[in-house]
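See below for the structure under consideration.
The values are calculated or read from the model by the stated rules, or taken from the named source; none is laboratory data. Every value quoted in this text rests on a predicted model; they were computed, and no experiment measured them. Because the Cβ atoms are built from the backbone with ideal geometry, glycine has one as well, and the counts that use them run over all protein chains shown.
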Amino acid sequence: MRDPGARGSPPDDSLERALRVEGFERVAGIDEVGRGAWAGPASVGVVVFAADVPPPDGLRDSKELAEDRREALYPLVTRWCVEWSVGHAGAGECDRLGMTAALRLAARRALGGLAAPPDVVLLDGGFDYVTEPAGEDRAPSTAPALPEVRTVVRGDSTCVSIAAASIVAKVTRDRMMRGLSSSFPGFDFDRNKGYPSPVHRMALAGFGLTSVHRRSWSYVDGLAFR
């Protein structure tokens, strides 16, 4: 894959700085990975914006970068930001809760991994999966308070904190899936990271589902071994 780092305009920090002018001191970006995978967790990254330090050169949405470039940017991002965390919802939780609630759980776990909660988060996309729906807050009383959420369409391409969150989430999840590869030979997790691929499909047809596969997804309907 060609690294398209020079393609288009890089994300900037205009939204983060505008929020700080509004009075929000701790501004964070949030992005998810793994939503469309057949196996492995749904993962959510959160990065707290560093106002006084320039972001790393070449910072882009993780989907625009080759794997080696993401790995190279990962330590630069984690040193640049004030704080970061990644939360996960496992395959069984994705099945039991549904994807929206699973992403909410992963986001809550990511926010809970910070030393202090953000005052506001910039969330990639047009849908707020972080905030509990009205009347449905089932969080325990010990859970950290959820910050205000501002959704940003194409935020992973335009907003530095969201782009940074996409990198920490993607690299963390990819490493997890590479680590699972030796336990499930034949599924090619070190390459496909649990996403659909021809090799992954053939392995499912031959071996059936593993303990890290999502069993409620439609791709399992035609499998002989479940």
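A quick yes/no check of all residues on (1) touching a strand residue (DSSP E or B) at 6+ places or on another chain (Cβ under 6 Å); (2) of a type in the set (Val, Ile, Thr); (3) surrounded by fewer than 19 Cβ atoms within 10 Å (Cβ to Cβ); (4) at pLDDT below 95:
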{"residue": "LYS63", "(1), (2), (3), (4)": "no, no, yes, yes"}
{"residue": "ALA89", "(1), (2), (3), (4)": "yes, no, no, no"}
{"residue": "ALA107", "(1), (2), (3), (4)": "yes, no, no, no"}
{"residue": "GLY112", "(1), (2), (3), (4)": "no, no, yes, no"}
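Assessment of the stretch 41-49 against the conditions (hydroxyl-bearing (Ser, Thr, Tyr) and either in contact with a Lys or Arg (Cβ under 7 Å, 6 or more places away or on another chain) or surrounded by 19 or more Cβ atoms within 10 Å (Cβ to Cβ) (or both)) yields at least one matching residue. Considering each residue of the stretch 96-104 in turn, at least one proves to be in contact with an Asp or Glu (Cβ under 6 Å, 6 or more places away or on another chain) and farther than 12 Å from ALA164 by Cα. Within the stretch 153-179, the residues that satisfy the criterion of being surrounded by fewer than 19 Cβ atoms within 10 Å (Cβ to Cβ) and either in contact (Cβ under 8 Å) with a residue 60 or more places away in the chain or closer than 18 Å to ALA91 by Cα (or both) are ARG175, ARG178, GLY179. Residues of the stretch 202-215 that are farther than 10 Å from ALA39 by Cα, in contact (Cβ under 8 Å) with a residue 12 or more places away in the chain and surrounded by 13 or more Cβ atoms within 10 Å (Cβ to Cβ): ALA203, LEU204, PHE207, GLY208. Please go through (1) in contact with an Asp or Glu (Cβ under 9 Å, 6 or more places away or on another chain); (2) at negative phi for GLY58 and return the number of the only condition it doesn't satisfy. Every condition holds for GLY58 apart from (2). Can VAL53 be described as surrounded by 23 or more Cβ atoms within 10 Å (Cβ to Cβ) and either modelled with pLDDT of 95 or more or over 18 Å from the mean Cα position of the chain (by Cα) (or both)? Judged against the criteria, VAL53 is not a match.
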